Amino acid sequence: MKKIMMMLAVLSLATISWASDDSREATTERLDKAGAVLHEIMAAPDKGIPEEVIDHAKCIAVVPHMIKGGFVFGAEGGRGVATCRTANGHWSAPAFFALTGGNFGLQIGIEGVDLVMVVQNDRGMQHLLSSKFQIGADASAAAGPVGRHASADTDWKMNAEILTYSRAKGAFAGLALSGADIRRDDDSMKTVYGPDVTTRAVLDGEIPSPPQAHAFLSAIRSARTEAASR
């Protein structure tokens, strides 16, 4: 009986270890995919996020391959990563979040959508730091301008705290996003940073960036250069 109990204990520890490894691998994969999405969007000639929008950004969040379905449908859900400019002008370590709900009003039949959200001011940044908010109710959002430049149209600076973009089946455009809930992804945050680390501490730059975030943060840092070179 004692041997059986010991075997069960070993199996339980192994299961916990495997689950932890799977979670760690999933967060790394999400970071890599988010970086790849941003690189590809910024490289799109005449259709990427304008360099003025990147220059003006307080935070950038990416949800790679958000799962959706139906006709004029709402989001089934997605997990993303976000980074904010710190007081010294550097980009922070990434915070992990989940997005649920929302009426996207996209074309029929899309199953996977890449979503980029650009937080434009301090108020929008405070919502992101709060770990939970609803777009449209707590934070205003609007479809972001696309192309090489956006300086001729200043509405994007004044009318929304968050500019939203989507890419589906190769098509990229501003996205009118309303009603989506954004909340902290506790499992991913604990996997990467350990217990008791807040979203605010991460996005304020108090927490060092983990090694697995290199590709994502590299994509964020090079986004402006890529936009300018289109």
Exercise for the section: Go through the residues of region 13-25 one by one and say whether even a single one is under 30 Å from Y165 (Cα atoms) and modelled with pLDDT of 85 or more. Expected result: yes
Problem - Matching residues in region 73-116 - criterion: being aromatic (F, W, Y) and at pLDDT below 90 - result: F73, F104
Completion exercise
Output for Cβ contacts, cut-off 7 Å, separation at least six or different chains, first residue basic (K, R) in region 193-209, second not in a loop (DSSP other than H, G, I, E, B), reads R200/L129
Handout entry: Near pairs, Cβ below 6 angstrom, 6+ apart or cross-chain, from region 84-97 (under 11 Å from R221 (Cβ atoms)) to any residue that is among the aromatic types (F, W, Y)
Key = none
Handout entry: Filtered residue count, region 35-62, keeping only those that are touching a Gly at 6+ places or on another chain (Cβ under 7 Å) and modelled with pLDDT of 90 or more
Key = 3
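The values are calculated or read from the model by the stated rules, or taken from the named source; none is laboratory data. All values derive from a computational prediction rather than experimental measurement. Every residue, glycine as well, gets a Cβ built from its backbone with ideal geometry; the counts of neighbours run over all protein chains shown.
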